[in-house]
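One structure below.
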Amino acid sequence: MMNREVYIAGLGTITAIGNNVAQCLAALQNEQAGMGAITQMQTIHQHTLPVAEVKLTNDELAAIAGLSPEISRTTLLSLIAAREALDDAAIPDLKSWRAGFVSANTVGGMDKSEDFFIQFIADNRKGKLRNVFDHECGSVTEVVADQLGLRDYMTTISTACSSSANAIFYGARMIRNGLLDIVVAGGADALTKFTLNGFNTLMILDKEFCKPFDENRQGLNLGEGAGYLTLVSEKVAQTLDKKMYCKLSGYNNSNDAYHQTASSPDGTGSYLAMKGALKKSGLRATDIDYINLHGTGTPNNDSAEGTAITRLFDGHYPPVSSTKAYTGHTLGASGGVEAVFSVLSIKHGLIYPNLRFETQMHELSFAPETQLLNDQPINHVMSNSFGFGGNCTSLIFSKV
């Protein structure tokens, strides 16, 4: 039972570099980053902290999603990407299969709650209660699952920056254990004042466009978006009139329990996650053709992840890069967004450049790729997502 294969049948994403998979792929190939000034919310940091916003207003997102613009931005982003992933899978009779939705986020409807409190603080008789109705993370999942008609199983994962990577491998486990046939899995997060102010308080935001894995990196740029995969069992895959993108061959979650926000200096959690994913896949480190780094651009994170890669790959380093140099750090959505990019890497033979990289980190003997590489023989891609609290997850996608 545990040896069932899990295939990727559909992809969906919306980020600062594109409103769907095709647009994001084009931006990756053309080396077009999505960072810029804050436009979608009012904040004192509007002209000092760059972010990677989805380039659509709530009204425009609502029109695409077919929902009210009064609903949270996280929900709108989630539905747009999840629906694309399900439509891309082109499953003729969804209701004849056991289908579930495993979705991740960290902010829920915080953006609408902020609208409420602005009015409430000014006058405690004011504020629209509907703006706090879908505040919790689970409400986002419920709305989207209902819209997609995925009612056999539904759950929400919220483990900071590894949230949607964990959603993907949890969905895969449901299929491998024979509990579901189809799972739309991934995550979404919208930019909010809460997260912007929180990360600014931690002093890990870069006032310039971020430079992951650069010796002179100063921090991360926050982003927003959503990314989902449609996972299917082998039985479902055999009924579809399309070639599967690839399979999810390995996954692991490990926690070093080192600190509430910082990674352990020796990268213990990162190392255990990558090592465990390799063991699950039955692959060796030398089989990995590309690593989509977690690569936030903070001094602590990049040093810890680099140390772990040095330890695990021991001089036999595959090409590596961080696509957060394009999309910013989309928090709970990042694992899903980067899973989509990893699958595209396999399908199109691409290794993405690590934008704005200039100086190699002195403690590492490897550096990220700086040029777009086309027509690469890519069979196995590792995608890393490491979250606060030491919650570290690695996924491995393999060609079929």
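What ³J(HN,Hα) values, in whole Hz, does the Karplus curve 6.51 cos²θ - 1.76 cosθ + 1.60 give for segment 268-285 when θ = phi - 60°, with x put for Gly and Pro?
Working through the residues one at a time gives 4, x, 4, 4, 5, 5, 5, 4, x, 5, 4, 4, 4, 7, x, 9, 9, 4 Hz.
Rounded to the nearest 5, what is the percent of antiparallel bridges among the DSSP beta bridges in the chain? The partial results should precede the final answer.
Values: 37 of 56 bridges.
Of those bridges, close to 65 percent are antiparallel.
Over segment 306-400, give the accessible area per residue in Å² for a 1.4 Å probe, as an integer.
Values: 2820 Å² over 95 residues.
Here the per-residue accessible area is 30 Å².
Using the per-residue mean of other Cβ atoms lying within 10 Å as a proxy for protection, in what order, highest first, do the peptides 91-97, 343-349 fall? Provide the component values of the computation, followed by the final result.
Details: 91-97: 12.7, 343-349: 20.0.
For the peptides 91-97, 343-349, the packing ranking is 343-349, 91-97.
Okay, which of segment 204-242 sit inside 11 Å, backbone N to the point 7 Å along the Cα-Cβ direction of residue 90?
240-242
Taking the Cα centre of the chain as origin and charging only Cβ (+1 Lys, Arg; -1 Asp, Glu), how large is the dipole, in debye to the nearest 20? Numbers along the way, then the final one.
Working: 31 positive and 40 negative charges, 161 e Å.
So the dipole magnitude of the chain works out to roughly 780 debye.
Which residue, 11, 179, 248, has the most motion in a Gaussian network model of the chain that connects Cα atoms within less than 10 Å?
Largest GNM mean-square fluctuation: 179.
With a 1.4 Å probe and all protein chains in place, put 87, 115 in order of accessible area, largest first.
Working: 87 105, 115 65 Å².
Largest to smallest exposure gives the sequence 87, 115.
What residue among 58, 107, 81 has its Cα farthest toward the positive end of the dipole of segment 28-110, where the charges are +1 on Lys, Arg and -1 on Asp, Glu, each on the Cβ?
Among 58, 107, 81, the one farthest towards the positive end of the dipole of segment 28-110 is 107.
Sorting 47, 294, 135 by accessible area (1.4 Å probe), largest first, what list results? Present the calculation step by step, with values, prior to reporting the outcome.
Working: 47 170, 294 5, 135 70 Å².
Reading off the accessible areas and sorting them downward yields 47, 135, 294.
Just to confirm the filter: which GluC sites (Glu not before Pro) across segment 323-364 are DSSP coil and have at most 12 other Cβ within 10 angstrom of their Cβ? It would help to have the intermediate numbers written out before the result.
Values: sites: 338, 358, 363; in loops: 358, 363.
Those that pass, being in a loop and sparsely packed, are 358, 363.
What number, in percent, do you get for the relative contact order of segment 1-154 if the mean sequence gap of Cα pairs under 8 Å and at least 6 apart is divided by its residue count? The partial results should precede the final answer.
Working: 203 pairs, mean separation 33.9, N = 154.
Computed value for segment 1-154: 22 percent relative contact order.
For segment 184-195, just list the computed ³J(HN,Hα) in residue order, Karplus coefficients 6.51, -1.76 and 1.60, θ = phi - 60°, integers in Hz, with x standing in for Gly and Pro.
Result, ordered by residue: 8, 9, x, x, 8, 7, 9, 5, 9, 5, 4, 6 Hz.
Could you tell me what percent of the accessible area of the chain is made up of carbon and sulfur, with a 1.4 Å probe and every protein chain present? Provide the component values of the computation, followed by the final result.
Working: 7750 of 15390 Å².
Ligands and nucleic acids excluded, carbon and sulfur give 50 percent.
With θ set to phi - 60° and the Karplus curve 6.51 cos²θ - 1.76 cosθ + 1.60, what are the ³J(HN,Hα) couplings of segment 331-338 in order, to the nearest whole Hz, using x for Gly and Pro?
In residue order, the calculated couplings are 6, x, 8, 4, x, x, 4, 6 Hz.
Using a Gaussian network model of the chain whose springs link C-alpha atoms within less than 10 Å, name the residue from 150, 202, 293 with the highest mean-square fluctuation.
Judging by the Gaussian network model, the answer is 202.
Rounded to whole Å, give me the distance from the Cα center of segment 12-32 to that of segment 122-185.
24
Identify which of 70, 84, 208 has the largest mean-square fluctuation in a Gaussian network model of the chain, with springs joining Cα atoms closer than 10 Å.
70
Only sites in a loop by DSSP and with at most 12 other Cβ atoms within 10 Å count here; which trypsin sites (Lys or Arg not before Pro) in segment 100-189 make the cut? Can you show the working numbers first?
Values: sites: 112, 125, 126, 128, 130, 151, 173, 176; in loops: 125, 126, 128, 151.
Hits after loop and neighbour filter: 125, 126, 151.
To the nearest 10 square angstrom, how much accessible area does residue 60 have with a 1.4 angstrom probe?
Accessible area, nearest 10 Å²: 90 Å².
If you compute Rg and Dmax of the Cα atoms in Å for the structure shown, which of (i) 24.1, 80; (ii) 22.3, 68; (iii) 19.6, 64 do you land on?
The value computed from this structure is option (iii).
Antiparallel versus total DSSP beta bridges in segment 241-400: what percent is that, nearest 5? Before the final figure, lay out each step's value.
Values: 16 of 21 bridges.
Roughly 75 percent of the beta bridges in segment 241-400 run antiparallel, per DSSP.
Among all the lysines, which ones have a C-alpha under 19 Å from residue 211's C-alpha, if same-chain residues fewer than 8 places away are not counted?
324
For residue 205, list long-range residues whose amide hydrogen, built 1.01 Å from N in the peptide plane, is under 5 Å from its own amide hydrogen.
Distant-sequence amide H within range of residue 205: 220.
The values are calculated or read from the model by the stated rules, or taken from the named source; none is laboratory data. Just so we're clear, the structure is a prediction, and the values are computed from it rather than from any experiment. A quick note on method: Cβ atoms are made from the backbone with ideal geometry, for glycine too, and the neighbour counts reach across all protein chains shown. Side chains are part of the model used for accessible areas, which takes the heavy atoms of the whole protein and leaves out ligands, DNA and RNA. Shrake-Rupley method; radii C 1.70, N 1.55, O 1.52, S 1.80 Å.
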